[in-house]
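Visitor: One structure follows; several queries about it will come next.
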Amino acid sequence: MTKRQWMMVAILVLSVGWIPLLFIPTGPKKDAKALVAEMPWPYNAGDPAKGRDAFQACIACHTTGERGQKTVGPSLYRLFERRAGSEAGFAYSRAMQQAGFPWSAPRLDAFLADPQAVVPGTTMTIPGVKDQKTRIDLIAFLKAATS
Ligand code: HEC
């Protein structure tokens with residue numbers, strides 16, 4: 001090939017060569033069932049659909065989605081991957097900032113049953129979700145909705 005032809009090939013490759021990258025699969029987003037199954041017993045037996053109903057008790061103060069708006073309480077998006085009291089831009093109580101643990105299903109279970117017992121001085125002033133089955137379903141919903 002002539003130099004000119006090589007140039008044409010190079011231009012062609014540079015201009016359209018990246019198109020196959022569009023077809024590299026990014027992997028399917030995990031569904032609710034798979035996410036819930038990642039948690040230890042008994043949380044892996046939770047029912048996220050029932051948990052959605054239980055989340056009605058939280059919705060006045062929390063969002064779960066990717067846009068992560070804080071309202072009265074912090075956004076719960078990516079909750080299971082972060083430390084308590086660490087969501088940027090939210091004015092946590094000193095108690096929550098100093099809690100010093102990452103959120104996991106058992107931590108949530110204890111906190112949701114009695115917030116003041118797990119984080120004394122927290123400004124999340126709800127009495128707590130007393131029924132264990134309701135908490136397990138709620139945690140399943142949180143896992144599915146915030147991951
Ligand atoms: C009246 C408003 C209100 C309600 C209702 C409420 N929360 Fe909260 N929540 C807050 C506030 C405020 C904080 C921050 C507490 C602090 O800084 O001590 C918080 C913190 C949290 C945290 C810790 C988040 C973090 O970033 O560390 C979790 C988890 C949580 N709430 C879950 C729930 C769930 C689940 C419910 C429903 C059962 C619920 N909350 C109901 C106001 C509320």
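Visitor: Among the lysines in the chain, how many pairs, 8 or more places apart or on different chains, have alpha carbons under 28 Å apart?
Guide: Lysine pairs meeting both conditions in the chain amount to 22.
Visitor: From the phi angles alone, apply the Karplus equation (6.51, -1.76, 1.60; θ = phi - 60°) to segment 140-147 and give each ³J(HN,Hα) in whole Hz, x where the residue is Gly or Pro.
Guide: Residue by residue, segment 140-147 yields 4, 4, 4, 4, 6, 7, 10, 7 Hz.
Visitor: May I pose another question? Applying the Karplus parametrisation 6.51 cos²θ - 1.76 cosθ + 1.60 with θ = phi - 60° to the phi angles of segment 94-103, what ³J(HN,Hα) value in whole Hz is obtained for each residue in order, glycine and proline being reported as x?
Guide: Working through the residues one at a time gives 4, 4, 6, 4, 9, 4, x, 10, x, 6 Hz.
Visitor: For the chain, set up a GNM with springs between Cα atoms under 10 Å and report which of Leu76, Leu12, Leu35 has the largest fluctuation.
Guide: Leu12
Visitor: Can you check what the net charge comes to around Gln97, using other residues whose Cβ is under 14 Å from the Cβ of Gln97 (Lys, Arg +1; Asp, Glu -1)?
Guide: Neighbourhood net charge equals +2.
Visitor: Evaluate the charge dipole of the chain about its Cα centre and quote only its size in Debye, nearest 20, assuming +1 on the Cβ of each Lys and Arg and -1 on the Cβ of each Asp and Glu.
Guide: 520
Visitor: Compute the whole-percent fraction of alpha carbon pairs in the chain spaced more than 25 Å apart.
Guide: 40
Visitor: Tell me, how many Å apart are the Cα centres for segment 72-94 and for segment 111-130?
Guide: 15
FYI, it's all coordinate maths here, none of it is from the lab. Worth saying up front: this structure is predicted, and the values here are computed from it rather than measured. When we count neighbours, we look across all protein chains shown, and the Cβ atoms used for this are built from the backbone with ideal geometry, even at glycine.
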